[in-house]
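None of the figures in this text is laboratory data; all of them are computed from the coordinates on show. Every value quoted in this text rests on a predicted model; they were computed, and no experiment measured them. Cβ: placed from backbone, ideal geometry, glycine included. Neighbour counts: every protein chain shown.
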Amino acid sequence: MKKAMLTLVFGSAIFLAACGGGDKEATNNEGATAPDGEAIAMKSCVTCHGGELQGANGPALNDVGSRLSESEILDIINNGKGGMPGGIVKGADAEAVAKWLATKK
């Protein structure tokens, strides 16, 4: 019984630690938090685009803002292009990622 309780406590602590952290999120006037484009990109894009976004299985994104506009980047995120499927990131998260990537020049 003690092992089960201990497992539950540690499992809950790990789960809550993984859910925490929003120190990079901005707060808008209504008190809601805006998605952090950089954090989302680092979680969702690095598998194909590399840890530094330097390119790996997908093209480099570390200077994508010098090649594409924010709306073009958002279109690719939403609809895909080449080997990239669309919809990996959606909604406000996709908009935040596109906005952040557009600054990468």
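For the pair residue 72 and residue 56 in one chain, pulling the backbone fully straight at 0.36 nm per residue adds 3.7 nm over the alpha carbon distance. Amide H to amide H distances under 5 Å link residue 80 with 86, 87, where only residues 5 or more positions off or on other chains count and H is placed in the peptide plane. Summary of packing: across the peptides 70-79, 50-59, 92-101, the per-residue average of other C-beta atoms within 10 Å ranks them, highest first, as 92-101, 70-79, 50-59. In plain terms, if you count all Cα to Cα distances in the stretch 35-101 and split them into 5 Å steps from zero, the share in each step is 4, 20, 31, 34, 11, 0 percent.
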